[in-house]
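Undergrad: Before anything else, here's the structure in question.
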Amino acid sequence: MSLLTIEPVLPTTVGEVYEEKKADLVQEALAAPTSNARDFTDPAVRFESETTHRGEFGTRRDLKPRHVSMIAVAGTIGTGLFLGSGASLVNGGPVGFFLGYAIVGSFVGMMMYCLGEMTVYSPNIGGFIEMGNKYISPEVGFAMGINSILQYGLAIPAEISAIAVMIGYWDPVTSHVPVYIAVFLLVSIGINLVGIKFYGEVEFVLAGVKVLMLLALILFGLIADVGGINHVYTGGRYWREEPFNDTFENLSPVSLARFLGFWKVLTQAAFAFGGIESIAVIAGEAHNPRRTMRMAVRTVFYRIVGLYLLTVLMIGLNISQHSSDLLSAVAMGGSTAASSPFVVICQQVGVKVLPSVINAVVMTSALSACNENVYAVSRILLAMARQNSMPKCFLQTSQLGLPYWGIVVSFCFGLLAFLSVSSGSALAFTWLSNLSALSSLIAWITVCACYTRFKRALLVQGVDRSKLLLRGWCQPYMAWACIVSFTIILVFNGFTAFLHQFSVSDFFASYITLPVFGLCWIGFRLVKKDVIGMARLEDIDLSNGPEQALRETRYDLTAAHGLVQPVVKG
């Protein structure tokens, strides 16, 4: 009688069997009929490990956690805060100014947690464009994509023009402006063409300069307030003597003027935080994306809101809303360092060197914002191409993993900066910029709407939310609070067009973004009739989530198919 010999199965053999079976299941999933809730992740890298450097469609996951965290923190610290915040003080008074930024900042932080939870669940090159396409409908995803392309694309020439004007603080010769525009446009495009690693390092340095400068200005404002500079003591008396703007637009009674002045600050604060949602686009090229994006999202709420509110507080403590220096600075339109509230503080306390330093830092801030906008446009075009909403040429990448056709489109947007040189074409440039006036608010509303569908899909499909790497609080109530709040701000943001005498130009400048978004939505429905409509919750593809959350669901590649994934130790 022969004995049956049982040979032990080596762990590597088990691993090979598991990977082979998993590959078969992936092919089955790709061959199966798909709904309009399909996941468009590149199948070549869909099951790569968390630590891979291979990204989708030839891109590279080379952005380190420090790159992403710093870009997230400094992404919205730009000319709006350094130069444009004085107008908010004039409109709302110091208390209205602070409350407006605090309220909007809190809701923006809540929105970021909604965005962050979805991003960490399924990090990909599509960002929030993919979320709209998957969790709501393809037409919403398309409209979100066009909205974002206009937002970031038209911001490129705006930032380039701002740099050229700020150089005019030292070089007043207007004939030199086109040269400065050309030079900085090429610099920004060049930074985006030399590889994602180099881009990350440049943005890390520029973001670090912005954050350090902001911290220095906050400290400077505190010292100035308590009389530590040339013994000019303010002591925050403007918070006590003139907390709100009692004369906003010469309205009466005072209570109406105070409320509408405060409401104007809310709309200005919403624009100041604009672009913060672009961090989701970075997820597609972040190394170890779930860990990296979790860290970035968890810190961005406290750092952004903290830095913004401390800055706003220092400005309101030191400057009167009726200051002649502030009013003349606001009248300049925020074009150079001379219109910065911190320069006004310098004038009050007799400091003469700081304005040039602020101008130089704001220039680097504008260059950083331009770089990020070039990056965002190229990746959003890639994301839309992967969803069959844009030509496939935008999926092509260079050997360095860069979507070069998208960067070419960014360059074309940048050429619009030359319109700002002459007075006649500058008006056309202003109207083009108005196309994206409400883009951030629309993006925030749709992101939170995506989140409500995402959370319901998790519940319907049995995905354990408690096992997600990042979770927001009080959901979905937090998301709905953001939707309601941002919608109210969006609807009433152009209220000044109705004051005293109706202004047609102000009305269209305030609301032109809404019909653009609507036309994109309707146009997609008319052209792509076979893939439109809201997906059923049970049909939404959640297979790209973290393995621990997918256990015992239909996406489980181990328990659901009789497999035991090998555990590799050491």
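The values are calculated or read from the model by the stated rules, or taken from the named source; none is laboratory data. What you see is a predicted model, and the numbers here were worked out from it, not measured in a lab. Ideal geometry is used to build each Cβ from the backbone, glycine not excepted, and the neighbour counts take in all protein chains shown. In case anyone asks, the SASA skips ligands and DNA or RNA and just uses the protein heavy atoms, side chains included. Shrake-Rupley method; radii C 1.70, N 1.55, O 1.52, S 1.80 Å.
Undergrad: How much of Leu99 can a 1.4 Å solvent probe reach, expressed as accessible area in Å² and rounded to 10?
TA: Number for this one is 70 Å².
Undergrad: Using the Cα centre as the reference, give the magnitude of the dipole from point charges on the C-beta atoms of the chain (Lys, Arg: +1; Asp, Glu: -1; all else neutral), rounded to the nearest 20 debye.
TA: 400
Undergrad: Quick one: Karplus J couplings for segment 252-265, per residue in order, coefficients 6.51, -1.76, 1.60, θ = phi - 60°, nearest Hz, x for Gly and Pro?
TA: 9, x, 4, 4, 5, 4, 5, 5, 5, x, 5, 5, 4, 5
Undergrad: Determine the order of His287, His322, His231, His53 by accessible area, beginning with the largest, at a probe radius of 1.4 Å.
TA: His231, His322, His53, His287
Undergrad: Taking θ as phi - 60°, what are the ³J(HN,Hα) couplings along segment 234-250 by the Karplus curve (6.51, -1.76, 1.60), each to the nearest whole Hz, with x for Gly and Pro?
TA: Couplings: 10, x, x, 5, 5, 5, 8, 8, 9, x, 10, 8, 7, 10, 4, 6, 6 Hz.
Undergrad: Could you pull out which residues in segment 104-129 have an amide N less than 13 Å from a spot 7 Å beyond the Cα of Ile488, following the Cα-Cβ vector?
TA: 104, 107
Undergrad: Calculate one ³J(HN,Hα) per residue across segment 84-99 by plugging θ = phi - 60° into the Karplus curve 6.51 cos²θ - 1.76 cosθ + 1.60, and present them in order as whole Hz with x for glycine and proline.
TA: Result, rounded to whole Hz: x, 5, x, 5, 5, 5, 5, 6, x, x, x, 6, x, 4, 5, 5.
Undergrad: What nm value, rounded to one decimal, do you get for the distance between Phe495 and Arg66 when each label is placed 7 Å out toward the C-beta?
TA: Those two pseudo-labels are separated by 4.6 nm.
Undergrad: Projected onto the charge dipole of the chain (+1 at Lys/Arg Cβ, -1 at Asp/Glu Cβ, origin at the Cα centre), which of Ser339, Phe271, Pro243 gives the Cα projection farthest towards the positive end?
TA: Of Ser339, Phe271, Pro243, it is Pro243.
Undergrad: Accessible area per residue for segment 55-113 in Å², computed with a 1.4 Å probe and the full protein assembly in place, what is it?
TA: 21
Undergrad: OK, next. With a 1.4 Å probe and all protein chains left in place, how much of the accessible area of the chain comes from carbon and sulfur atoms, in whole percent?
TA: 65
Undergrad: Separate question: Expressed in nm to one decimal, what extension gain is obtained for the pair Val527 and Phe502 from 0.36 nm per residue of sequence separation less their Cα-Cα distance?
TA: That pair, Val527 and Phe502, stretches by 5.3 nm at full extension.
Undergrad: Using only the Cα atoms of segment 72-119, build the gyration tensor, take square roots of its eigenvalues as a ≥ b ≥ c, and label the shape rounded, prolate or oblate: rounded if a/c is under 1.5, else prolate if a/b is larger than b/c, else oblate.
TA: Oblate, because a/c is 1.5 or more while a/b does not exceed b/c.
Undergrad: May I pose another question? Using the structure shown, select from Lys64/Lys455; Lys64/Lys210; Lys64/Lys528; Lys392/Lys529 the pairs with a Cα to Cα distance greater than 31 angstrom.
TA: Those over the limit are Lys64/Lys528.
Undergrad: Taking DSSP loops as anything outside H, G, I, E and B, show the longest stretch in the chain free of chymotrypsin sites (Phe, Trp or Tyr not before Pro) there with at most 11 other beta carbons within 10 Å.
TA: For chymotrypsin sites (Phe, Trp or Tyr not before Pro) (loop position, at most 11 other Cβ atoms within 10 Å), the longest site-free span of the chain is 171-472.
Undergrad: Also, I was wondering about something else. Using a 7 Å offset from the Cα along the Cα-to-Cβ direction at both Val179 and Ser324, what is the distance between the two label points in nm, to one decimal?
TA: With each label point 7 Å from Cα toward Cβ, the separation is 3.8 nm.
Undergrad: Counting only heavy atoms of the protein chains, get the accessible area per residue of segment 283-344 (1.4 Å probe) and round it to a whole Å² value.
TA: Accessible area per residue: 32 Å².
Undergrad: When the dipole is taken about the Cα centre of segment 45-195, and only Lys, Arg (+1) and Asp, Glu (-1) are charged at their Cβ, what size is it in debye, to the nearest 20?
TA: That gives a dipole near 220 debye.
Undergrad: Can you give the FRET efficiency for Leu256 and His231, using 1/(1 + (r/R0)^6), R0 = 45 Å, r = Cβ-Cβ distance, to the nearest 0.05?
TA: Given R0 = 45 Å and the Cβ-Cβ separation, E is 0.65.
Undergrad: Which one, Phe184, Gly306, Asn388, is farthest towards the positive end of the dipole of the chain when Lys and Arg carry +1 and Asp and Glu -1 on their Cβ?
TA: Gly306
Undergrad: Quick one: putting +1 on the C-beta of Lys and Arg, -1 on the C-beta of Asp and Glu, what dipole do you get for segment 384-535 around its Cα centre, in Debye to the nearest 20?
TA: My answer is approximately 700 debye.
Undergrad: Quick query: amide H of Arg54 versus all other amide H atoms, modeled in the peptide plane; which residues come in under 5 Å with a sequence gap of 5 or more or a different chain?
TA: Arg61
Undergrad: Something else: I need the calculated FRET efficiency for the pair Ser356 and Met534, taking r as the beta carbon distance and R₀ as 51 Å, to the nearest 0.05.
TA: So, using R0 = 51 Å, E works out to roughly 0.40.
Undergrad: Projected onto the charge dipole of the chain (+1 at Lys/Arg Cβ, -1 at Asp/Glu Cβ, origin at the Cα centre), which of Ser439, Ser356, Leu458 gives the Cα projection farthest towards the positive end?
TA: Ranked along the dipole, the leading option is Leu458.
Undergrad: With a 1.4 Å probe and all protein chains kept in place, how much accessible area does Arg453 have, in Å² rounded to the nearest 10?
TA: Its heavy atoms expose roughly 30 Å² to the probe.
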